[in-house]
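The values are calculated or read from the model by the stated rules, or taken from the named source; none is laboratory data. Computed from a prediction, not measured in an experiment: that's the story for all the values here. Using ideal geometry, Cβ is built from the backbone for each residue, glycine included, and neighbour counts are taken over all protein chains shown.
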Amino acid sequence: MTARIASAFAARFGGEGTLYASAGRINLIGEHTDYNGGFVLPGAVDCSITAMMRPNGTKFVRVRALDLDAETVFGLTEEDKPDEAWAHYVFGVCREIRKCGGSIGGFDAVFAGDVPSGAGMSSSAALESAFAYGLNDLFALGIDRFGLARIGQATEHNYCGVQCGIMDQFASVFGRRGNLIRLDCRSMEYSYFPFDPQSHGYWLVLLDSTVKHELADSPYNRRRASCERVVEAIRRRCPRVELLRDADMRMLDQVRSEITDEDYRRARYVIGENERVLRVCDALERGDYETVGRMMYLSHDGLRDDYEVSCEELDFLNGQARSFDVAGSRMMGGGFGGCTINLVREELYDDFVAGACKAFTDRFGHEPKVYPVVISDGARRVE
Ligand code: GLA
């Protein structure tokens, strides 16, 4: 991929620039908890967006998206927002850097990647993080890694219409080979969790339904609004509750008659999921992967029934995992399509993957994609 990018850069702009990359992510557990101030347990994966970049001494940015065979030019002021949706990520990063005082000029860039898009593996965070990391380095801005993740998140909020949490950009920037990251999304304290399921006889594999239903952005924002309404109701009794992370089931039950049944179920899921992340961390420390797997199934149940962000294809793949007696399985990411993450005992792996793919194809008429998970490094300069 780097050779392809370098030769496209030379052909389009002449010479060469510096290469930067950032990764897609998985999340073992802790879905829709980040914007509620809760815990997540993601890790970067071995697929990434790579960009070759070079300052061009002008006030304009020229970017080529190799995989889309598309190119655009934009200036660096708010009025210069390009029309192309893919370019909003790059434009947003430039704007957010400028808003926090980073003085960047124009540059030329060519990027490409192998993070499957729409799979729930955060290709957009990988794109934002590659550019944020690269611009920080090229223009010697001195922004720390937290700042870079925040720039990516603000890009989603202000230029892409998704009121996302910090998990994806955080994982993409902070990812470390062989480690998951337990992040407390309220205090932003984090710790690396060595994660090597294979040494315990388990493999982690993603089954990508390759579907993306409706525009996932607006239901996502609606889920967030539900959580905020519940917090408001709870706060009237317990003012110290600022985020759903601070609430427990007793507090939620106290306000049950003051909120809709739908909002109640949304909050019940989030409170349960937060606890599950902590239980999974404890189980991982003991090497107890069966408990990890059970928590994954419970997470899926909540995402399907209470949070209602699953879909028929994901439920089907989850059902396949159950029928093959796979240790754990759940839908991953924002939902409404994308993939399931599956924790599979080694001896079941081949049968499960082949069986689930066949059953899915028989049922839906197209094959799912299979991605074995390799936990890898996040944002970096590529030498
Ligand atoms: C998307 C968002 C994240 C997070 C997940 C759900 O990936 O970008 O911030 O909320 O959904 O866990």
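What about Gly14, is it more than 14 Å from the ligand (Cβ to nearest atom), at pLDDT 95 or above and more than 12 Å from the chain's Cα centre (by Cα)?
Working: more than 14 Å from the ligand (Cβ to nearest atom): yes; at pLDDT 95 or above: yes; more than 12 Å from the chain's Cα centre (by Cα): yes.
In short, yes.
Return the only residue of Arg322, Arg304 being on the phi < 0 side of the Ramachandran plot, surrounded by fewer than 16 Cβ atoms within 10 Å (Cβ to Cβ), assigned to a helix (DSSP H, G or I) and in contact with a helix residue (DSSP H, G or I) (Cβ under 9 Å, 6 or more places away or on another chain).
Arg322
Mind listing whichever residues of segment 108-155 are more than 22 Å from Val45 (Cα to Cα) and surrounded by fewer than 24 Cβ atoms within 10 Å (Cβ to Cβ)?
Those that are more than 22 Å from Val45 (Cα to Cα) and surrounded by fewer than 24 Cβ atoms within 10 Å (Cβ to Cβ): Asp108, Asn136, Asp137, Leu138, Phe139, Ala140, Leu141, Gly142, Ile143, Ala154.
Looking at Ser199, Ser172, Ser187, which one is closer than 28 Å to Glu228 by Cα and either away from the ligand (no atom under 13 Å from the Cβ) or surrounded by fewer than 15 Cβ atoms within 10 Å (Cβ to Cβ) (or both)?
After ruling out the rest, the residue left standing is Ser187.
Kindly establish whether Gly118 is within 26 Å of Met332 (Cα to Cα) and within 15 Å of the ligand (Cβ to nearest atom).
yes
Taking the condition of being crowded, with 19+ Cβ neighbours inside 10 Å and either touching a residue at least 40 places away in the same chain (Cβ under 8 Å) or in a loop (DSSP other than H, G, I, E, B) (or both), how many residues in segment 247-258 meet it?
Residues meeting the conditions: 2.
Given the conditions (1) polar (S, T, N, Q); (2) within 16 Å of the ligand (Cβ to nearest atom); (3) buried (at least 19 other Cβ atoms within 10 Å of the Cβ), report the number of the one that Gln163 does not fulfil.
(3)
What are the residues in segment 211-241 that are hydroxyl-bearing (Ser, Thr, Tyr), surrounded by 17 or more Cβ atoms within 10 Å (Cβ to Cβ) and modelled with pLDDT under 95, if any? Before the answer, list the steps.
Restricting attention to segment 211-241, the residues satisfying the condition of being hydroxyl-bearing (Ser, Thr, Tyr) are 218, 220, 226.
Still in the running and surrounded by 17 or more Cβ atoms within 10 Å (Cβ to Cβ): 220, 226.
Once the filter is applied, which keeps residues that are hydroxyl-bearing (Ser, Thr, Tyr), surrounded by 17 or more Cβ atoms within 10 Å (Cβ to Cβ) and modelled with pLDDT under 95, segment 211-241 yields only Tyr220.
So Glu367 fits all but one of (1) farther than 28 Å from Asn179 by Cα; (2) acidic (Asp, Glu); (3) in a helix (DSSP H, G or I); what number is the exception?
Of (1) farther than 28 Å from Asn179 by Cα; (2) acidic (Asp, Glu); (3) in a helix (DSSP H, G or I), only one is false for Glu367: (3).
Do you know which residues across segment 183-209 are in contact with an Asp or Glu (Cβ under 8 Å, 6 or more places away or on another chain) and assigned to a strand (DSSP E or B)?
Within segment 183-209, Leu183, Tyr190, Tyr202, Trp203, Ser209 meet the criteria.
So Leu284 ticks every box in (1) buried (at least 24 other Cβ atoms within 10 Å of the Cβ); (2) of a type in the set (A, V, I, L, M, F, W, C); (3) more than 16 Å from the ligand (Cβ to nearest atom) but one. Which box is left unticked?
Going through the list (1) buried (at least 24 other Cβ atoms within 10 Å of the Cβ); (2) of a type in the set (A, V, I, L, M, F, W, C); (3) more than 16 Å from the ligand (Cβ to nearest atom), Leu284 breaks only (1).
Do we have Thr50 as over 30 Å from Arg240 (Cα atoms) and of a type in the set (S, T, N, Q) here?
Considered against the rule, which asks whether it is over 30 Å from Arg240 (Cα atoms) and of a type in the set (S, T, N, Q), Thr50 comes out as yes.
May I ask you to list the residues in segment 115-172 that are farther than 20 Å from Tyr20 by Cα, in contact with a Gly (Cβ under 8 Å, 6 or more places away or on another chain) and assigned to a helix (DSSP H, G or I)?
Ala154, Glu156, Asn158, Tyr159, Cys160, Met167
So, of the residues in segment 93-114 that are out of contact with any strand residue (DSSP E or B) (no Cβ under 9 Å at 6 or more places or on another chain) and assigned to a loop (DSSP other than H, G, I, E, B), which turns out to be nearest to the ligand (Cβ to nearest atom)? Break it down into steps so the answer makes sense when it comes.
Within segment 93-114, the subset out of contact with any strand residue (DSSP E or B) (no Cβ under 9 Å at 6 or more places or on another chain) is 93, 95-103.
Applying the additional criterion that residues be assigned to a loop (DSSP other than H, G, I, E, B) yields 100-103.
Numbers: Cys100: 20, Gly101: 25, Gly102: 23, Ser103: 29 Å.
It comes out as Cys100.
Mind listing just one residue for me: the one in segment 307-319 that is assigned to a loop (DSSP other than H, G, I, E, B) and touching a residue at least 60 places away in the same chain (Cβ under 8 Å) and, of those, surrounded by the fewest Cβ atoms within 10 Å (Cβ to Cβ)? If you could, list the steps in order and put the result at the bottom.
Kept after step one, since they are assigned to a loop (DSSP other than H, G, I, E, B), are these residues of segment 307-319: 307-311.
Still in the list and also touching a residue at least 60 places away in the same chain (Cβ under 8 Å): 307, 309, 311.
Working: Tyr307: 24, Val309: 23, Cys311: 19.
Checking each candidate, the answer is Cys311.
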